Amino acid sequence: MISCADFMAEIGNYLEGDAAVEVRHQLEQHLAHCVTCQVVVDSSKKTIQIVTDSGSFDLPDPDLKPIASEIMNKIRKEHGKT
Amino acid sequence: MGDFGEIPLDASSVALAVFRENYGFVPRLYRAQSSLPRLVEAEAALASAILFQHTTLTRIEKESIVLAEAAGRGNKYSAALQWQTLLLLGVSTERLAQLTSGDSPAVSAPALDQCLAAAWASFICTLAAGLCVDPDFAPPPLPACAAARAAPGIYRGEMNGSPDGSAFAFFREHLGFVPNLFRAQAARPAVVEAEAGLIASLLMTEDALTIRQKELVMLVACAWDRNEYGLALWSELLRRAGMPLETCDRIAAGDIAGPDKPLLDFAARLSAGESDLASLREHRCTGPQILEAIAATALAKFLNTLQIGLGVAPDFEPRPVAWPSVENISNLSAEQPRPTDEWVPVDPDLETVNAVRSGNIDAFEQLIERHSRRVYRTLVGILGDPEDARDAMQDSFLKAFQHLENFQGRAKFSTWLVSIATNTGLQRLRERKPLESLDESGPEAEETFRPRQIRAWTDDPEQLYSQAERRKLIESNVMKLPAKYRIAVVLRDLELLSTEDAAAALGLEIPTLKTRLLRGRLMLREALAPHFTRRGSEVAN
């Protein structure tokens, strides 16, 4: 039976669904009886979901137009357009 | 209920006022979509034009049609909402029971309004099934019968009705013609205008799914509905956007491969009446993306029901498609490797990129508008500073323009652009913050992570805060991560790049990227835990 340290060494692949079948089987055996690792897995999955759904660092619409215009002005200037 | 935005809609929302005025409250079906207010507003406008505004049918007659259709489809959510609505409008429970048991509502008005009500039923039933919304009220008993369908061809009038009206301007401007389906509704310009509004809000935006992805969802939904009209229309629109008709035919027949497969499988299942939200979650689709997939499927169902009811002739030659069947669903769900010469999605930017290369410099502005959010997020992730990110964003787009000839199309344009932005950001970071290096090649893989926060999280942590609060919380904590972890998290969990693309953009080996991503995620987990743990939960042993 693997230890919590072993589990934590493989948790990245486990969360990504990349763990080999045999390794995954061992990890799940460990998870079945280890509440700490269950909590870490569950909360890590929820962390990823919350981050993905957060819409963080979105550029506000009012900021977009002036930036796009400035870029286009520079491009047109470079190409001798007005 | 699926989590697509528990936040309340803006108090100034017109949609809120429409629903409150006509239902007395805001049904869960619409509250569940509040992460995309543009969609809810467009749906409210369409509900208003079809159901709430005065036409030759009374509201009770129209709501009765919706109830009968919802009951015929066995859709508990919609049946419960319609039952309660009609009850409040004064319809007796005896009559309501007749309607839910298959008794057709008696109407004596133009069939167009009847078809519109049936199409609306199709729309909300698909939305409710897709979103897995709990009913607002206890559902009435429903018969165990097959889905009711509008009889085809009951209306064939006004096919040439005044396509010059302002309601048609949208279609002429964006499609270059007015499809027969909308011409056939010339007697209801307010409805056509609301339909155009929903199409614009849902299908012509790029902030969740791409336009191409949504058009493919429409195509698949039409194929599963065996709707020749819709299939010919969406095939033609995809062809105009650069997808070969043969590819459209193959996808319509259920032969789907490529990165959009999970999305299109979902649309196929939902068209067949089954919602598999978990599969999209597993494939890392965001809430707004899932919501758009559901809404696009519902819109296809709406238009298909309307077309069948009105008996509208196709605008284009029907496609010779072998209709997908239930067997295709099981095939779709199997993880079968496909040969690499199978369909590879056409880069939606390729046409615009080629236009710029051919000398149409102004077309580059479209690329800026489409991708500025992605570029900005990437740069904030690297630089950790919004002002720096805005500045670096200009540099990135200028570099992309200058090197556009070097873009060879091996990756999608958006991926290529993110690589340029990443390099621009990394260069700036090295110049401005030499101490915060991304290049440390320390023994990351050997670092031992020991979780300190080991209290169980609440089952539904996203319900604890509004979307604005969550966003603030995530942004402040992502900013606190060391740069090398922060950028890995931003590229994978916010930009949703694949591991391979994120590693390539950063010039890292895949194992290094994976290690940094894991460390970033676990550090974030530690930082977020105090906000999401169950109250009074025990510390795990």
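Details
- Only a single criterion out of (1) surrounded by fewer than 19 Cβ atoms within 10 Å (Cβ to Cβ); (2) modelled with pLDDT under 90; (3) of a type in the set (G, A, S) is not satisfied by B:A200, namely (2).
- Some residue of region B:292-306 being crowded, with 24+ Cβ neighbours inside 10 Å, within 14 Å of chain A (Cβ to nearest Cβ) and at pLDDT below 85: no
- Contact map, region A:46-75: first residue without any contact (Cβ under 8 Å) to a residue 12 or more places away in the chain, second residue in a loop (DSSP other than H, G, I, E, B) and surrounded by 14 or more Cβ atoms within 10 Å (Cβ to Cβ), Cβ cut-off under 6 Å, separation 6 or more or different chains; pairs are A:T52/B:T286; A:D53/B:T286.
- Top-ranked residue in region B:495-529 [being in contact (Cβ under 8 Å) with a residue 24 or more places away in the chain and of a type in the set (S, T, N, Q); ranked as farthest from the other protein chains (Cβ to nearest Cβ)]: B:T512
- Residue match in region A:14-23 (condition: among the small types (G, A, S), more than 10 Å from every other protein chain (Cβ to nearest Cβ) and in a helix (DSSP H, G or I)): no
- Some residue of region B:366-373 being modelled with pLDDT of 85 or more, in contact with a Phe, Trp or Tyr (Cβ under 7 Å, 6 or more places away or on another chain) and outside any loop (DSSP other than H, G, I, E, B): yes
- Scanning region A:68-80 for residues that are modelled with pLDDT under 90 and either more than 7 Å from chain B (Cβ to nearest Cβ) or within 35 Å of the chain's Cα centre (by Cα) (or both) yields A:K77, A:E78, A:G80.
- Within region B:274-309, the only residue that satisfies the criterion of being within 13 Å of B:Q213 (Cβ to Cβ) and charged (D, E, K, R) is B:E292.
- Unique residue being in contact (Cβ under 8 Å) with a residue 24 or more places away in the chain and in contact with an Asp or Glu (Cβ under 7 Å, 6 or more places away or on another chain) when the list is A:L27, A:L31: A:L27
- When the residues of region B:479-494 are filtered to those that are modelled with pLDDT of 90 or more and farther than 13 Å from B:R516 by Cα, the one that is farthest from the other protein chains (Cβ to nearest Cβ) is B:K480.
- Selection of helices (runs of 4 or more DSSP H) fully inside region B:162-220 by the criterion of at least 2 residues being of a type in the set (F, W, Y) returns B:169-175.
- Taking the criterion of being surrounded by 14 or more Cβ atoms within 10 Å (Cβ to Cβ) and either in contact with a Ser or Thr (Cβ under 7 Å, 6 or more places away or on another chain) or more than 7 Å from chain B (Cβ to nearest Cβ) (or both), the residues of region A:33-62 that qualify are A:C34, A:C37, A:Q38, A:V41, A:K45, A:Q49, A:T52, A:D53, A:L59.
- Filter pass, B:L264 being more than 30 Å from A:I48 (Cβ to Cβ) and of a type in the set (A, V, I, L, M, F, W, C): no
- Filtered residues of region B:448-478 (kept if in contact (Cβ under 8 Å) with a residue 60 or more places away in the chain, at the interface with chain A (Cβ under 9 Å from one of its Cβ atoms) and not in a loop (DSSP other than H, G, I, E, B)): B:R455, B:W457, B:P461, B:E462, B:Q467, B:V478
The values are calculated or read from the model by the stated rules, or taken from the named source; none is laboratory data. Please read these numbers as outputs of a predicted model, since none were measured by experiment. We place every Cβ from the backbone using ideal geometry, glycine too, and count neighbours over all the protein chains shown.
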